[in-house]
Amino acid sequence: MLTLIKNGYVIDPASDREGCYDLLLEGEIIRAVKKEIDSDEIQQEADKKGVRFTLIDAKDKYVMPGFIDLHVHLREPGYEYKETIATGSKAAAAGGYTTICPMPNTKPVIDSSDMVKLLLKKAQEEAVVHILPVGSVTLGQDGKELVNVKKLKEAGCVALSEDGKSVMDTALYAEAMRQAANNHLLIFAHCEDKSLVGKGVINQGKKSEEFQLPGICNAVEDIITARDILLAKETGATLHLCHCSTKDSVAMLALAKKDGLKVTGEVCPHHFTLSDEDILSADTNYKMNPPIRSRDDVEALKEALRNNILDVISTDHAPHSEEEKSKSFAEAPFGIVGSETAFALTYTELVKQGYLTIKQMVEKMSSNPAKILGIDKGCIGEGYVADLVIADPNAEYTIDKKQFFSKGKNTPFHGRKVTGRIEYTFVAGRMVYRSENVS
Ligand code: DOR
Ligand code: ZN
Ligand code: ZN
């Protein structure tokens, strides 16, 4: 199979390439990146070889390395009514993602090599994007007994995470970090002090008062962020801070980097797009963990993205059923979907608003996650696997949750006007998503 993508505006931070290029894909691989590739010649070659030829006109479109999401919840096994590997990976592809890292808080938890193998087998059969699993830190995420770190690594995990909560036993977490470092596994940290959060469900402040709901103060995140950075320093672990939401957590990340520690941080589109002032009613589509914070925090997050303190934009795609989300704000589960809105929100809120250049956006959505994972992805170069995304930066539209591939429709962004549409996603040279809007 030969695919020629013509006249696209290529953005590839890994090779520092930005400009108009033609891309030729052969089978799974990027065969050529050139200023001009003759389509007649490729057509003739395809005829001669008897293979299919696809020509894509990418004029005025962005051609980027496929996005890599370090943080999704696929819900399989155990919660297939919320999402499956098939639907979650299709949602990812529709969002421009070609590689995703599912978190282990499934039922059963991904805490053994058998579970990892099962997940990878299912992914092989049903996923349309690459799946790199994250294993839990403790058995059953019970916070008591460590997983077999070496075996999880051997089975194919790229990181360990207790996402959904923190490991509150500091000594146990230190041991997990030591073993993770010895086995070249990353630690993805969900920072939340369980003893301090209490029954909190929304950012502590005017809104928690207005809706008379228990609040979550910034210290809930900040205390564990500080602890985890110190533990990484002590143990030599490579630490990645999940969904940073507070001003002080990014200040600590900046300090850790200055100190030369192996610490990186991510932020999710909902945390830089919304502040708690945007929560006009106790709508559970605004309930996630960590919560949407104050305007001050949002500004700090955007500034940290701009000056590259925050390395990654991830989604924390967290689908839940309509029934679960129709409970009261206090009772509904935390989490919103994000795979299918991340690019448009990032482009609209950060690139168009001048916080990030398009190159920085691609760094944070593709090349930096690849670097953190230590994988040969996130770049557009000859000989690389053809994981690519093509987007129209001028398309203006309204987000419609009814069009999501995800089973989860739990988003606060339904009806929001955005700019930037994913048109095509290629995984290993295969078109896994094509927007209905391309002719
Ligand atoms: O909002 C969230 N949802 N935060 C988490 O940490 C877990 C996630 C989920 O699994 O639904
Ligand atoms: Zn989390
Ligand atoms: Zn999560």
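We did not get these values from a lab; they are worked out from the coordinates using the rules stated. Small disclaimer: the values here were computed from a predicted structure and weren't measured. All Cβ positions, even for glycine, are placed from backbone atoms using ideal geometry, and neighbour counts span all protein chains on display.
Tilt of helix 247-258 relative to the longest C-alpha principal axis of the chain, in degrees (0 to 90, nearest 10)?
The answer is roughly 70 degrees.
Give the relative contact order (percent, whole number) for the chain; include only Cα pairs under 8 Å separated by 6+ residues.
Worked out over the chain, it gives 20 percent.
For region 235-328, rounded, prolate or oblate, judged on the Cα gyration tensor with a ≥ b ≥ c (square roots of eigenvalues), a/c < 1.5 rounded, else prolate if a/b > b/c?
prolate
Could you please rank Met365, Met288, placing first whichever residue has the fewest other Cβ atoms within 10 Å of its Cβ?
Final ranking by Cβ density, sparse to dense: Met288, Met365.
Taking 0.36 nm per residue of sequence separation and subtracting the Cα-Cα distance, how much length would be gained by fully extending the chain between Glu303 and Ala171, in nm to one decimal?
Residue separation times 0.36 nm, minus the Cα-Cα distance, leaves 44.1 nm.
Using square roots of five times the C-alpha gyration tensor eigenvalues, list the equivalent-ellipsoid semi-axes of region 1-138 in whole Å, biggest first.
37, 17, 12
Taking the number of other C-beta atoms within 10 Å as the exposure measure, put Phe413, Phe211, Phe67 in order starting with the fewest.
Going from least to most buried by this count: Phe211, Phe413, Phe67.
Rank these for me by crowding, Thr170, Thr315, going from fewest to most other beta carbons within 10 Å.
Thr170, Thr315
Just list whichever of Lys302/Lys359; Lys199/Lys401; Lys90/Lys402 have alpha carbons separated by over 20 Å in the model shown.
Over 20 Å Cα-Cα: Lys199/Lys401.
How far, in degrees from 0 to 90, does helix 39-49 lean away from the longest principal axis of the Cα atoms of the chain, to the nearest 10?
90 degrees
Report, in listed order, any pair from Lys165/Lys258; Lys82/Lys165; Lys206/Lys364; Lys121/Lys153 with a Cα-Cα distance greater than 22 Å.
Going by Cα-Cα distance, Lys165/Lys258; Lys206/Lys364 fall outside the 22 Å limit.
Tell me the angle of helix 113-126 to the major Cα principal axis of the chain, expressed in degrees between 0 and 90 and rounded to the nearest ten.
That helix lies at roughly 40 degrees to the long axis.
What whole number of Å gives the distance from the Cα centroid of region 296-360 to the Cα centroid of region 43-83?
23 Å
About the Cα centre, and with charges only on the beta carbon of Lys, Arg (+1) and Asp, Glu (-1), how big is the dipole of the chain? Nearest 20 debye, please.
The calculation lands at about 240 debye.
Taking only Cα atoms of region 301-406, what ratio of Rg to Rh do you get with Rh as the Kirkwood inverse-distance radius?
Working: Rg = 16.4 Å, Rh = 16.0 Å.
Rounded to two decimals, Rg over Rh is 1.02.
Pulled fully out, how much extra length does the chain show between Gln44 and Leu255, if you take 0.36 nm times their separation in residues and subtract their Cα-Cα distance?
My answer for the length gained is 70.2 nm.
When all C-alpha to C-alpha distances in the chain are sorted into bins of 20 Å, what percent of pairs does each bin hold, rounded to whole numbers?
27, 59, 14, 1
Hey, what number do you get for the chain at 222 nm if only DSSP H runs of n ≥ 4 count, each worth -39500 (n - 2.57), divided across all residues, to the nearest 500?
Calculated mean residue ellipticity at 222 nm is -8500 deg cm²/dmol.
Work out the length of the dipole vector of region 292-387 about its Cα centre, built from +1 on the beta-carbon of each Lys and Arg and -1 on the beta-carbon of each Asp and Glu, and round it to the nearest 20 debye.
Dipole magnitude for region 292-387 comes out near 320 debye.
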